[in-house]
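*Asks:* Please find one structure pasted underneath; my questions will follow.
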Amino acid sequence: MTETLATSVGRGPTEHAVRDQIIEAANDCFARYGYGKTTVADLAREIGFSKAYIYRFFESKQAIGEAICSARLERILDAAKAAVDEGESAPEKFRRFFKVITNMGVELFFDDRKIYEIAASAAAEHWVSARAYADALRGMISDIVWDGREKGEFERKTPLDEACRAIFYAMTPFVDPLHLERNLDLLPDAQTELTGLILRSLAP
């Protein structure tokens, strides 16, 4: 495909489709060669576009990495939300939430290592996608704890924001891509035991 075809009115794909095409090619390149070793020039050759044309859609390689990282992290969040919805009690919701987040992080590490490296870079460099992911996790923790308090399943003495921050800090070694790699040998026991400890601390 040429740039002319991509931008021809009525014949080529829309700008959204071109962005998707660039992201798909980048995903393949990053998976094969790694994020750090892939350049925008490599992506341009892969798709048949010029670097200048790619920069019309993404201001940098990091912006492309952000798009890929956001999509992968969104999958994890969607799976976590589905797992939480299946839980009846707040403790069960939390167990499901923590387990899915951890398991999907481990799966990404072993099944798609090069893409995992993007997520780790995002966490290390505080990309927007990584911050949004952490915010979403904290939001889900808050919802679960609030629900548990409303049902009388969790204690109410500790301020909600303080309790949720502490839970997130405790979970971080197993849900943050930057830290997970260093703690793989502790799983699955650590995740199970930490879940029990957190739930006991929340008991009324």
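*Asks:* Pull up the range 86-109, narrow it to residues that are farther than 18 Å from Ser201 by Cα and small (Gly, Ala, Ser), then point me to the one that is surrounded by the most Cβ atoms within 10 Å (Cβ to Cβ).
*Replies:* Among those residues, the one meeting the criterion is Gly105.
*Asks:* Give me the residue from the range 10-51 that is of a type in the set (S, T, N, Q) and farther than 27 Å from Ala120 by Cα and, out of that set, modelled with the lowest pLDDT. Break it down stepwise before answering.
*Replies:* Step one: filter the range 10-51 for residues of a type in the set (S, T, N, Q), giving 14, 21, 27, 38-39, 50.
Now drop any that are not farther than 27 Å from Ala120 by Cα, which leaves 14, 50.
Values: Thr14: 76, Ser50: 89.
So, considering only residues that are of a type in the set (S, T, N, Q) and farther than 27 Å from Ala120 by Cα, the one modelled with the lowest pLDDT is Thr14.
*Asks:* Further question on the same structure: Can you tell me which residue among His126, His179 is assigned to a helix (DSSP H, G or I) and under 20 Å from the mean Cα position of the chain (by Cα)?
*Replies:* Details: His126 fails: assigned to a helix (DSSP H, G or I).
Going through His126, His179 in turn, just one is assigned to a helix (DSSP H, G or I) and under 20 Å from the mean Cα position of the chain (by Cα): His179.
*Asks:* Quick one: would you say Ser129 is crowded, with 20+ Cβ neighbours inside 10 Å and in the same structural domain as Gln191 (by TED's automatic domain parsing)? Step through it out loud before you land on a result.
*Replies:* Numbers: crowded, with 20+ Cβ neighbours inside 10 Å: yes; in the same structural domain as Gln191 (by TED's automatic domain parsing): yes.
So Ser129 passes the test.
*Asks:* I've got another one for you. Those residues that are in contact (Cβ under 8 Å) with a residue 40 or more places away in the chain, touching a helix residue (DSSP H, G or I) at 6+ places or on another chain (Cβ under 7 Å) and within 25 Å of Ala130 (Cβ to Cβ), I need them from the range 48-75; list them, please.
*Replies:* Phe57, Ile64, Gly65, Glu66, Ala67, Ile68, Cys69, Ser70, Arg72, Leu73
*Asks:* Here are some conditions: (1) of a type in the set (Ser, Thr, Tyr); (2) in a helix (DSSP H, G or I); (3) closer than 15 Å to Ile198 by Cβ. Thr158 meets all but one. Which one does it not meet?
*Replies:* (2)
To keep it simple, each residue is scored yes or no on (1) touching a residue at least 60 places away in the same chain (Cβ under 8 Å); (2) out of contact with any strand residue (DSSP E or B) (no Cβ under 6 Å at 6 or more places or on another chain); (3) within 29 Å of Ile23 (Cα to Cα).
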position	(1), (2), (3)
Thr102	yes, yes, yes
Val106	yes, yes, yes
Gly139	no, yes, yes
Lys157	no, yes, no
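The values are calculated or read from the model by the stated rules, or taken from the named source; none is laboratory data. All of these numbers come straight from a predicted model, not from anything done at the bench. Positions of Cβ are generated from backbone atoms using ideal geometry, with glycine treated the same way; all protein chains shown enter the neighbour counts.
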